[in-house]
């Protein structure tokens with residue numbers, strides 16, 4: 001006599017396979033969202049720094065400067081950083097006589 005349907009072991013194996021696949025997809029989705037948010041912050045940082053360079057006052061950009069002497073000339077190095085993402089910054093050098 002032939003039985004119709006699946007055994008309990010087959011159903012459990014199928015559930016485990018589906019759970020592993022779902023977990024993998026959820027992990028990939030989480031990584032994609034994190035990368036998207038990071039990219040969005042970097043774009044905002046670049047825009048903020050461009051506004052700063054255009055002469056606009058930008059709250060999120062903080063600058064630190066230091067003066068050094070190179071071959072008798074004063075060089076002012078200014079490092080401006082986007083506060084929400086410290087990986088977004090620019091360096092500006094001013095050479096004076």
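The values are calculated or read from the model by the stated rules, or taken from the named source; none is laboratory data. This is a predicted model, so every value here is computed, not measured. Here the Cβ is made from the backbone with ideal geometry for all residues, glycine too, and neighbour counts use every protein chain on show.
In the set 30, 23, 69, 81, only one residue is out of contact with any helix residue (DSSP H, G or I) (no Cβ under 9 Å at 6 or more places or on another chain) and part of a strand (DSSP E or B); that residue is 69. Residues that are free of Cβ contacts under 8 Å to residues at least 24 places away in the same chain, part of a strand (DSSP E or B) and either in contact with a strand residue (DSSP E or B) (Cβ under 7 Å, 6 or more places away or on another chain) or surrounded by 12 or more Cβ atoms within 10 Å (Cβ to Cβ) (or both) are absent from segment 34-48. I need the full set of residues from segment 53-78 which are surrounded by 12 or more Cβ atoms within 10 Å (Cβ to Cβ) and over 16 Å from residue 89 (Cα atoms), in order please. 74, 75, 76 - these are the residues of segment 53-78 that are surrounded by 12 or more Cβ atoms within 10 Å (Cβ to Cβ) and over 16 Å from residue 89 (Cα atoms). Taking the condition without any contact (Cβ under 8 Å) to a residue 60 or more places away in the chain, out of contact with any helix residue (DSSP H, G or I) (no Cβ under 6 Å at 6 or more places or on another chain) and not in a strand (DSSP E or B), does residue 76 pass? It is false that residue 76 is without any contact (Cβ under 8 Å) to a residue 60 or more places away in the chain, out of contact with any helix residue (DSSP H, G or I) (no Cβ under 6 Å at 6 or more places or on another chain) and not in a strand (DSSP E or B). Go through (1) assigned to a loop (DSSP other than H, G, I, E, B); (2) surrounded by fewer than 10 Cβ atoms within 10 Å (Cβ to Cβ); (3) modelled with pLDDT of 80 or more one by one and return the number of the condition residue 2 breaks. It is condition (3) that residue 2 fails.
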